[in-house]
Amino acid sequence: MQSTERDRLLMQLHHFQLPKLADYGLIEYNSSLQLISYIEEPRVEALLQSESIAGNGDKKDNGDD
C-alpha cells in the first residue's frame with residue numbers, strides 16, 4: 001500500500017467511519033487519543049456467531065477436534 005493511499009484510508013477512518021460506528025453504539029472512539037474500544041452489542045455478536053458457524057462448514061478439517 002502506498003503512503004498516499006494509506007493516508008487517505010486513515011483519514012477516511014478517522015473522520016467518517018469510526019465516528020459513524022461510535023454514533024451507532026458499536027464502538028467507543030476517542031479521536032484525540034485515537035483509541036477504539038469495541039462495545040459488545042447482542043445483534044452484532046449474534047451475526048458474528050452465525051457467520052462463524054456458517055464458515056465452519058467451508059473449512060477443511062485441521063484435526064483440532
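Could you check how many residues of the range 1-30 are among the charged types (D, E, K, R) and either loosely packed, with under 10 Cβ neighbours inside 10 Å or in contact with a Lys or Arg (Cβ under 7 Å, 6 or more places away or on another chain) (or both)? Qualifying residue count, the range 1-30: 1. When the range 24-44 is filtered for residues that are at pLDDT 90 or above and charged (D, E, K, R), only 28 remains. Would you confirm whether any residue within the range 6-20 is modelled with pLDDT under 95 and in contact with an Asp or Glu (Cβ under 9 Å, 6 or more places away or on another chain)? Taking every residue of the range 6-20 in turn, none turns out to be modelled with pLDDT under 95 and in contact with an Asp or Glu (Cβ under 9 Å, 6 or more places away or on another chain). Filter the range 29-44 down to the residues that are of a type in the set (A, V, I, L, M, F, W, C) and in contact (Cβ under 8 Å) with a residue 12 or more places away in the chain, then identify the one that is farthest from residue 19 (Cα to Cα). So the residue we want is 44.
I need the full set of residues from the range 31-49 which are surrounded by 11 or more Cβ atoms within 10 Å (Cβ to Cβ) and acidic (Asp, Glu), in order please.
Selection gives 41 alone.
The values are calculated or read from the model by the stated rules, or taken from the named source; none is laboratory data. Fair warning: this is a prediction, and the values are worked out from it, not measured in the lab. Please note: Cβ atoms are built from the backbone with ideal geometry, for glycine as well, and neighbour counts cover all protein chains shown.
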